[in-house]
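Report on the structure given below.
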Amino acid sequence: MKKFLILGDGIVSHLVANVLSNFGHKSFILKPKGAKKLSKSNRYFSLNILSKYFLSLMEFWPLDKNIIPYSKIKTWDNETHKKLNFDSHDISFDNFGFVVNESELIDKIITKSKKNKNISYLNNIEEESRDGIIRILDQKKITDIDYIISTIKNHDLVLNRIKFDEINYNQEALVTNVKLENSDNHTAYQKFSKSCIYGLLPLGNSNYNLIISADFDKINDLKSQNKTKFLNTIRHDLQNDLFSVNKVFSHTPFPLSGYKARQHYVDNILMMGGAAHSIHPLAGMGLNMGIQEAFILYELLQRADGHMDDKLLISCDYEFRKFNNEVYYAVNFLKEFYTNKTFPNHIKKISLEIFDNLEFIKTKVIMKASGVSTLKSFNLIR
């Protein structure tokens, strides 16, 4: 049995601790200093096919009746007026994604984790020796830690040990809920323009979670508006022939950052989730990337009969980077393609039409984003 110190107490941290427990390893979850108690929020996640598969495998699914599946994605570009439609049946699945509330997801995972005898919680470590060994207090005994798994990028124990590639999106985001008319409750929508990207996730009964990513001036303007003006702005910005906006609710801003770790495993430290990457929310891939890493760790441990060593963690590093690099660069390209004014509209339109007509490329993109290609690579589906 190996002993792991897990930095961070979020969704990915608890999933990883449960994975390790399944193979007889012990995890100590170190809560971040000054961490605030989780509040009920209007933040939602779109979980892809792989995330649902893995959460089901780990017995965290179903969450409750509030899960909203969607089988279609409809996008349109304001500059070229080109529309793209994606249907989950094109890859032989009933749904692309499943919209869940952040609070409900993490409450479900934490509740089960607290009953797991191989998972303990710490508020601090006992000491870090001169030879780099971390020691913690476990049942009143000093215990040496074998490995650290961090889901926090700038934690003191991992700071400056991992190098990152970073990108400045020059944008901020705003999240709110809206009520639509004439919408399809099982369809996600996305609008692109030079100044904004709007993403709408279905919540049921014509309610949608809206994420707006835009330049700072646009977001600051939205934040300063009263409810009536904000509603009129959203109605104007989302004017289309698919639906209309009937109502808006309160909104919350959050910063955007882009980075990825050049390596995930260095000096007995494995970086996962938000410690290793952050990408633009336009594709809804952030949490799915972290869950996929926990899935990969599970599959590699399964193949090794639960045996944990440097070789297995080096394999994790390779597998994580192989997938994350593709997603990171693809999402960054899409953000620039739609919002960078250096791309002429006629070039954008031709490119989008070519993509739309090349079904095999379109299918490959869908399979990558949904996690189906990863499930196939581990021979879990045909």
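Values quoted throughout were computed directly from the atomic coordinates according to the rules given, and no laboratory measurement underlies them. Just so we're clear, the structure is a prediction, and the values are computed from it rather than from any experiment. All Cβ positions, glycine included, derive from the backbone under ideal geometry; neighbour counts span all protein chains shown.
Straight-line cross-link reach from residue 112 at under 17 Å between alpha-carbon atoms covers these aspartates and glutamates, not counting any fewer than eight positions away in the same chain: 9, 59, 64, 102, 104. Under the simplified labelling scheme, the residue 378-residue 79 pair shows an inter-label distance of 3.9 nm, with each label point 7 Å from Cα along Cα→Cβ.
Distance between the 7 Å Cα→Cβ label points at residue 107 and residue 266: 3.9 nm. Distances between placed amide hydrogens fall under 5 Å for residue 246 paired with 179, 180, 181, all partners being 5 or more residues away or on another chain. Between residue 225 and residue 345, the FRET efficiency from the beta-carbon distance, with R0 = 41 Å, is close to 0.90. One decimal place: the segment residue 116-residue 303 gains 65.0 nm when fully extended, by the rule 0.36 nm per residue minus the C-alpha distance.
Taking every Cα-Cα distance in the chain and sorting them into 10 Å bins from zero, the calculated P(r) comes out as 5, 22, 32, 24, 12, 4, 0 percent. Listed by chain and number, the aspartates and glutamates whose alpha-carbon sits under 20 Å from that of residue 341, ignoring those within fewer than 8 places in the same chain, are 77, 79, 172, 215, 217, 237, 353. For each pair in 108/362; 194/223; 179/229, compute the distance between the two Cα atoms and list the pairs where it is over 23 Å. With Cα atoms farther than 23 Å apart: 108/362.
In terms of packing, defined here as the mean over residues of other Cβ atoms within 10 angstrom, the peptides 144-156, 323-335 line up highest first as 144-156, 323-335. Using the structure shown, select from 117/376; 153/349; 191/247; 247/348 the pairs with a Cα to Cα distance greater than 30 angstrom. 117/376; 153/349; 247/348, as the Cα separations exceed 30 Å there.
Taking K and R as +1 and D and E as -1, what net charge do the other residues with C-beta under 13 Å from the C-beta of residue 47 add up to? Once all neighbours under 13 Å are counted, the net charge is 0.
Computed over the stretch 172-255, the range of Cα coordinates on each principal axis works out to 32, 24, 21 Å, biggest value leading.
Segment residue 240..residue 193, full-extension length gain: 15.6 nm, with 0.36 nm per residue of separation and the alpha-carbon distance subtracted. Efficiency by 1/(1 + (r/R0)^6): what FRET value for residue 259 and residue 365, r their Cβ-Cβ distance, R0 = 30 Å, to the nearest 0.05? Given R0 = 30 Å and the Cβ-Cβ separation, E is 0.85.
Subtracting the Cα-Cα distance of residue 329 and residue 161 from their residue separation scaled by 0.36 nm leaves 58.2 nm.
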